[in-house]
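Some notes on the structure that comes next.
The values are calculated or read from the model by the stated rules, or taken from the named source; none is laboratory data. All values reported here derive from a predicted model rather than from experimental measurement. Cβ: placed from backbone, ideal geometry, glycine included. Neighbour counts: every protein chain shown. The area values use the complete protein model at the heavy-atom level, side chains included, leaving out ligands, DNA and RNA. Shrake-Rupley method; radii C 1.70, N 1.55, O 1.52, S 1.80 Å.
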Amino acid sequence: MEFDKLREIIAGVLSVDPNEIAEDTTFVEDLGADSLDLFQIVMGIEEAFQIKVPPEQAEQITRAGEALQLIRQAVGGTEIN
């Protein structure tokens, strides 16, 4: 469920087909995202999942699977440690 929602966020920001996004898909190399796109993806994640992603964590997200891990860690709380 989380991954489907994440794929929709990524697809919406980057105007790609959600079915092209797998856990090992990289934002920059595979999808052509730039820093503004990455910021918008993180903002979309925060809004959709009602979580707060610290900037140092957000900077380390390079793949869809890494974003999914952070979401799953944060679902039980409000902040990612």
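Screening ASP34 with (1) within 15 Å of VAL13 (Cβ to Cβ); (2) touching a helix residue (DSSP H, G or I) at 6+ places or on another chain (Cβ under 8 Å) gives one miss only, at (2). For GLU23, the conditions (1) in contact (Cβ under 8 Å) with a residue 12 or more places away in the chain; (2) within 10 Å of the chain's Cα centre (by Cα); (3) within 20 Å of GLN73 (Cβ to Cβ) are fulfilled apart from (2). For region 46-75, the candidate set comprises residues that are open to solvent by 10 Å² or more (accessible area, probe 1.4 Å), β-branched (Val, Ile, Thr) and over 18 Å from VAL28 (Cβ atoms); within that set, the residue that is modelled with the lowest pLDDT is VAL75.
Taken over region 29-45, the criterion of being open to solvent by 60 Å² or more (accessible area, probe 1.4 Å) and among the hydrophobic types (A, V, I, L, M, F, W, C) is satisfied by LEU36, PHE39, MET43.
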